[in-house]
Each structure stands twice: as structure tokens, then as C-alpha cells.
Amino acid sequence: MSKKQTTLRILMVFPEVVPFAKTGGLADVAGALPCALSQLGCDVRIVMPLYTRLLGQVIASGPTMEDLSVPFGSQILGADVYEAKLNDDVRIYFIRRDEFFDRSHLYGTEKAEYFDNAQRFVYFCRAVLALCQAVRFRPQVVHCHDWQSGLIPAYLKLSFGSVGFWTETRSIFTIHNIGYQGRFGAELYPLTGLPYHFFDVGGIEFWGDINFMKAAIVSADEITTVSPRYSKEIQTPEYGQGLEGILQTHRRKLHGIINGADYQNWNPETDPHIAANYSRDDLQGKLTCKRDLLREVGLPKRLMKRPLLGVISRLADQKGLDLLAEVIEKVVAEDVGLVILGRGEERYHLLLTELASRYPRKIAVRLEFNERMAHRIEAGADMFLMPSRYEPCGLNQMYSLRYGTVPIVRATGGLYDTVKPYDPKRGEGVGFRFTAYKPEAFWQAIKRAIKLFNQPKTWRKIMKNGMAKDFSWQASALRYLALYERILGKP
């Protein structure tokens, strides 16, 4: 990516960032977009919580700052601040307060969200703003991501906009998944320290509760979502999760910018996690990767000649696990293999474990988030399943395309935007799509793929079509940069 001369100071606020903490695609975005912006010349800094799992990675050199004063309701609480580098240019700050972030998971267990998530992320939002002033980093744009940082645009608009330090700061809020909004009881509103009048239908109030995401939507200078299709979908009752009305009201500041794929980490030509590297021009290594994956997960070698299907997903209804559960026995009846990696709802843990024990030579399940295994599945599988009920953007379908692993997806959100169905007449297209959220529609798409897998020349064409696609972060970063310059009034 070529450098563009700019002097913009950007603060990125994320609840999770690769390689430090991850529950989903948001963390991948957090690990890539700041680096792409820094290559365009921006001074980008990141703030995230210091979770327990990070202690060994970032505290060896001790805190950069101790006892940062953070307003919290009627109290002032302390925070310790640690620093690291995401790359040579991007500095990342970690907010440490153990009673809020010393947990086994980021936001909750498989059974339930943490009961005090409101308190945890009110504190985090206040700490982010206190940190900027303490280190004298005056951002021109604060770019907040998902509900965990949703109060920051409201603070900037309602509480700090007239304060000298923040008068020139503008805010952008990105909705990565509207299904997670940060909705809590109204009794917690005083804890935020926001003005009384903001608890209103045009503000943070949502059916008698408070809603962090809604606070950001009404307060931010601009709103983005992570694909053009999703920006339209969330303005409808089917996908808006109750926020479609407020999004329609603010539609003039709503933009859809597709996420990019991090090809530095997801590239079969250089990937250190896979058994053999390969390229669009030399696919021999993909067979080696398939053979190695079958060996690692304990599936038989005879599946080398049959389709091997991969799933890397949070195991939840949103990701279409209910559809997968309905068709999985039909799939294995076709004499194909299935490798599933992920964690999520306990009922899917139990179901998939039982199916793997019933079909040990057809199904392999790993109930974990494992980056190395994710790379090996992308490289070793022939097809990749993403039957999402909704999918704001999705990254795995982009990774799959680059790895020659043909995606089978539902036509929603970013999956619609990035996976063009294969057209046998024109020889164009990169995968398979289905529209109706029904098991039979999903099954028919899988059957179409299996049929063409048995036509090696055609299948190779589909693979190569996908591998030629470029969803790098450069175009997306340039669009964000244009948006930053627009809200700052720069030509």
C-alpha cells in the first residue's frame, strides 16, 4: 500500500484486537484497519481493556501509568495503563482494572453474559477519554467500534464538546453486529454521568432501558457498517433488531464500507501455519494441506477424493448453526467430510460432540478458538460453509476465496457482497449462494457444490476465480480516510 500524505490523528477504540484477544471477526478488523490507516500516514492509536489472558504478554515491562483517575458514577476509580505495539507505527494502550477485566472470558460465558457488563464498559469508555488527556494525545477523530465503546460519542457530544481539549474532535461509530447492542436496565443510567435529558426516545432510552449502541447512533458524527448490503438490511424490521427506526432517521450519516481481508496473515503463499504453501498458479500444495488436515483431525485418507467441508464459526443461531444441524446428516450421507472449529452455545457443543462420536469417520469437531487450526482448515478444506441468518460482513468467506476453498453462503450482508454465485454458462463466479433461510435451500446449495466438485476442470475454474479476488484493506482504508476528512471539513 502506498503512503498518502496526511497528518490525521485517529484514536481507535476496540473491545478486542488480534493478536491480543479475539471472540470473532471484530478482532481481525481491529488488528488490520489501524495498520492500513497508518500506512496511509495517519497517526493511529488504539485503546482496549487489559483482559486476564493478556497479562503475560504486556505487563513484563510494567505499567506506563498508574492510578489514572476515571470518573465512575459518583466515584473516581483508578486505572493502570500498559502499552504495546500492534506494528512499528501503531501504539496500543491497555486499560487495567482487575475487578472489571480479570475474567475467564471477554463478555460472558457460554451460559450468560456477565451481569455487570454495563458497569465494565461505562468504566472503559470513561477511561479511554481520561487516558487521552493524561497522555496528551488529542485525536481529531475517535473511531468507536460496537456497543462496548458506544458511550464515547455521547460523551464527546454532550459532556466534552465544549471543553478545550475536545472541541475539534469528531466521532465515528462502526456497527459490526447490530445483534449485540449493550442493552441494560434504566436504573444504571446515573452511572454513565450523561445528562438527564439524554434518557429520551431520541437519545439512549430504548423501550424503558438504556442502549449503548443507540447512544452512539444518535451521537456520532458518522455511522458505518461493515458492508453495503448490511447498511441497507439494518434499516428493515427483519434485520434492524429494533433499531431500524432510529437508523432510518439517521440514514444520511450511515455508510456501508466492506471490511478488508488481512492478506499478510491470510495468504496461502506465505502462511506459516499450513503444511505446504501454494498459489493460484500452483495448487499442488493444497492437496498436501488437505491430506495433513485429515490426518490431524483423525478423518480417513479416502476423503482425499471426496469433498471436505469446513466450518469456522461462533456456534450460535446467528451463524446458521440451526440450519447446519438440520442438514448435517444429509451431508454425511453424501460421503463427504466435515471439520468444525468454534465455540458458542452449549446446546451446539453437545449436539456436535454427539454427531462426531456417531460419525467418527465423517465429522471432526474442535470446540475452541484456535488460530493455527483455523488456517489449516481454510487451506485443507474444499468448501467452506457460512449459512448465516445474518452476516454484517464476514471475513472467513474472503479468506476462503484466497485459499481456493469454495464458499457456500447465505445471500445476506457481506456474504452477498463478496460471493458471486458461479455461472456455468459464463464461467464466472466464485461460490454458491442460497436466499431462503430454510434447511432445504441450504442443502440444495451444498448439493450443487458437490455436483460440480465431481467435475474437476469446472471446480478448478471456480477455485481460481475466487483466488483472483482482492479484498485487501487498501480500498476500505481509503474510504475511511475520506470519511474522516469529510467530517473534519478537509478537502
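The values are calculated or read from the model by the stated rules, or taken from the named source; none is laboratory data. Note that the coordinates shown come from a computational prediction; the quantities given were computed from them, not determined experimentally. When we count neighbours, we look across all protein chains shown, and the Cβ atoms used for this are built from the backbone with ideal geometry, even at glycine.
If you check ALA436, ALA441 for being under 20 Å from GLN235 (Cα atoms) and of a type outside the set (Ser, Thr, Tyr), only one passes: ALA436.
Pairing each residue of the stretch 347-372 that is touching a residue at least 60 places away in the same chain (Cβ under 8 Å) and not assigned by TED's automatic domain parsing to the domain that holds ALA316 with any residue that is β-branched (Val, Ile, Thr) and assigned to a helix (DSSP H, G or I), provided the two are 6+ apart or on different chains, yields no C-beta distance under 8 Å.
In this structure, LEU293 does not satisfy being under 27 Å from the mean Cα position of the chain (by Cα), more than 30 Å from LEU481 (Cα to Cα), of a type outside the set (Val, Ile, Thr) and part of a strand (DSSP E or B).
Kindly evaluate PHE198 against the criterion of being over 26 Å from the mean Cα position of the chain (by Cα) and in the same structural domain as ARG126 (by TED's automatic domain parsing).
yes
Let me confirm something: among LEU323, LEU299, which residue is touching a strand residue (DSSP E or B) at 6+ places or on another chain (Cβ under 9 Å) and not in a helix (DSSP H, G or I)? After applying the criteria, what remains is LEU299. Regarding PRO153, is this residue in the same structural domain as GLY185 (by TED's automatic domain parsing) and assigned to a loop (DSSP other than H, G, I, E, B)? Against the criterion (in the same structural domain as GLY185 (by TED's automatic domain parsing) and assigned to a loop (DSSP other than H, G, I, E, B)), PRO153 does not qualify. The residues of the stretch 127-146 that are out of contact with any helix residue (DSSP H, G or I) (no Cβ under 7 Å at 6 or more places or on another chain) and buried (at least 24 other Cβ atoms within 10 Å of the Cβ), listed by number, are ALA127, HIS143. Being more than 30 Å from GLU168 (Cβ to Cβ), assigned to a loop (DSSP other than H, G, I, E, B), at pLDDT below 95 and among the hydroxyl-bearing types (Ser, Thr, Tyr) is the requirement here; does TYR278 meet it? Taking the combined requirement at face value, the residue does not satisfy it. Listed conditions (1) touching a residue at least 40 places away in the same chain (Cβ under 8 Å); (2) touching a helix residue (DSSP H, G or I) at 6+ places or on another chain (Cβ under 9 Å); (3) assigned by TED's automatic domain parsing to the domain that holds LEU303; (4) not acidic (Asp, Glu) are all met by GLY429, apart from (1). On the stretch given as the stretch 185-227, residues that are surrounded by 23 or more Cβ atoms within 10 Å (Cβ to Cβ) and of a type in the set (Phe, Trp, Tyr) total 1.
Is it the case, given these coordinates, that VAL311 is farther than 30 Å from TYR480 by Cβ, part of a strand (DSSP E or B) and either assigned by TED's automatic domain parsing to the domain that holds ASN396 or among the β-branched types (Val, Ile, Thr) (or both)? Here the answer is yes, as VAL311 does meet what is asked. Only residues that are buried (at least 19 other Cβ atoms within 10 Å of the Cβ) and in a helix (DSSP H, G or I) were counted in the stretch 431-442, giving 1.
Screening ASP322 with (1) in the same structural domain as VAL409 (by TED's automatic domain parsing); (2) touching a helix residue (DSSP H, G or I) at 6+ places or on another chain (Cβ under 8 Å); (3) among the charged types (D, E, K, R) gives one miss only, at (2).
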